[in-house]
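A quick write-up on the structure given underneath.
The values are calculated or read from the model by the stated rules, or taken from the named source; none is laboratory data. Keep in mind that what you see is a predicted model, and the values were worked out from it rather than measured. Counting neighbours? That spans all protein chains shown, and the Cβs are built from the backbone with ideal geometry, glycine included.
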Amino acid sequence: MEKDELRNADGLTEQEFLGQYDVRLYKRPSVSVDILLFTVVDGPQLNYRKLPQKELKVLMVRRGNHPYIGKWALPGGFMSVEESLDQAAYRELKEEVNVSDIYMEQLYTWGDVGRDPRTRVISCSYMSLADSSRMEIKAGGGAWDAQWFTLSHETEEERKTTIPGGYLFENRVRVTLSGKEDTLYGVIGTKKRVVGRSKTVKRRILKNEGIAFDHAFVVQYGIERLRNKIEYTDIAFNLMPTYFTLTELQQVYEVILGKELLKANFRRKIADRVIETDRETKNEGHRPSKLYTFNTNWGCFEV
């Protein structure tokens, strides 16, 4: 039977059904996008004979309108009915912070009831990584300010309890964002219940200082996703300049993972992801180091 001949329980063809469809039958939530933009920069150089430590930073904007006026939030805004989610994310990033042409991927969709005091809002968050030295950040689109915040991610407490058929994992994580003048933080509690092949996860913001909406969730979830992805993809190279030393690359991995890595193990692991060039560093106080570039033919896969 042809598609046009199929009829529903009311005896309507698809064309007849669409012709009389009433969009008011269901309440329609608003849809927004939020962008978690990471970068890595050199921290203060305390000893000229040693390379400066790397700092992981997140771009935030100070809201210029209600709700949460004056609070810091991730760049983002509402999607229009004429654009896709990806188009909305790139547009908002350009309008609010003057950033374009960067790597970006969908991170998670947040849809808790009451997450926005204005109305029912479902937000699709994106994660992006970029070399901030190539950017000229400018606040726009109603934001009062745009600023890079140094990110720290610390597990305050965690425990695993055996339950019938599985286990319950609980933890408390503190996310701190340190800016030029403001220090923001959120404490997120997570409960993961695993029984057989079934898994449920519940998150709560236990404490919040200065971070608008539920964006502390997005930051915490994003850093955990990033830590997982750098192990098996080329995602970290979006943070690197065209040419870099292996020590600089290792520092980037270490600041994201939050731990030191053994030099020999690290270099063996990333050997096929980089290409050695004939260039060398020319920093005063240091011996010249070989410069490398990303191997664009490295066969990674995305999920």
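Quick notes on this one:
- All positions within the stretch 106-119 that are touching a residue at least 60 places away in the same chain (Cβ under 8 Å) and assigned to a strand (DSSP E or B): Leu107, Tyr108, Trp110
Per-residue answers, yes or no, for (1) farther than 20 Å from Val121 by Cα; (2) aromatic (Phe, Trp, Tyr):
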{"site": "Gln53", "(1), (2)": "yes, no"}
{"site": "Val61", "(1), (2)": "no, no"}
{"site": "Asn65", "(1), (2)": "no, no"}
{"site": "Tyr68", "(1), (2)": "no, yes"}
{"site": "Trp72", "(1), (2)": "no, yes"}
{"site": "Pro75", "(1), (2)": "no, no"}
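- Residue match in the stretch 23-42 (condition: without any contact (Cβ under 8 Å) to a residue 40 or more places away in the chain, of a type outside the set (D, E, K, R) and more than 27 Å from Val121 (Cα to Cα)): no
- Output for the stretch 186-229, where each listed residue is of a type in the set (Val, Ile, Thr) and in contact with a helix residue (DSSP H, G or I) (Cβ under 6 Å, 6 or more places away or on another chain): Ile188, Ile205
- Search result, residues across the stretch 163-185 that are in contact with a helix residue (DSSP H, G or I) (Cβ under 9 Å, 6 or more places away or on another chain) and touching a residue at least 40 places away in the same chain (Cβ under 8 Å): Val173, Val175, Leu177, Leu184
- In the stretch 124-162, the residues that are loosely packed, with under 14 Cβ neighbours inside 10 Å, part of a loop (DSSP other than H, G, I, E, B) and in contact (Cβ under 8 Å) with a residue 60 or more places away in the chain: Gly142, Trp144
- Condition check for Ser100: in the same structural domain as Val40 (by TED's automatic domain parsing), buried (at least 19 other Cβ atoms within 10 Å of the Cβ) and either among the polar types (S, T, N, Q) or not in a helix (DSSP H, G or I) (or both): no
- Matching residues, the stretch 197-248, being more than 30 Å from Ala271 (Cβ to Cβ) and among the charged types (D, E, K, R): Arg197, Lys199, Lys202, Arg203, Arg204, Lys207, Glu209, Asp214
- Among the conditions (1) among the hydroxyl-bearing types (Ser, Thr, Tyr); (2) touching a Gly at 6+ places or on another chain (Cβ under 9 Å); (3) closer than 19 Å to Val33 by Cα, the only one that Thr109 does not satisfy is (2).
- When the strands (runs of 3 or more DSSP E) confined to the stretch 186-303 are screened for residues that are touching a residue at least 12 places away in the same chain (Cβ under 8 Å) and under 22 Å from Asp131 (Cβ atoms), those reaching at least 1 such residues are found at 274-280, 290-294.
- Whichever residue in the stretch 44-57 is part of a loop (DSSP other than H, G, I, E, B) and either touching a Ser or Thr at 6+ places or on another chain (Cβ under 8 Å) or surrounded by 13 or more Cβ atoms within 10 Å (Cβ to Cβ) (or both) and, among such residues, is modelled with the highest pLDDT: Gln53
- Leading residue by the ranking (surrounded by the fewest Cβ atoms within 10 Å (Cβ to Cβ)) among those in the stretch 170-195 that are in contact with a strand residue (DSSP E or B) (Cβ under 6 Å, 6 or more places away or on another chain) and among the β-branched types (Val, Ile, Thr): Val195
To keep it simple, each residue is scored yes or no on (1) surrounded by fewer than 16 Cβ atoms within 10 Å (Cβ to Cβ); (2) touching a strand residue (DSSP E or B) at 6+ places or on another chain (Cβ under 9 Å); (3) within 21 Å of Arg227 (Cα to Cα); (4) outside the structural domain of Ile223 (by TED's automatic domain parsing).
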| position | (1), (2), (3), (4) |
| --- | --- |
| Val252 | no, yes, yes, yes |
| Ile256 | no, yes, yes, yes |
| Lys263 | yes, no, yes, yes |
| Ala271 | yes, no, yes, yes |
| Asp278 | yes, yes, no, yes |
| Lys290 | yes, yes, no, yes |
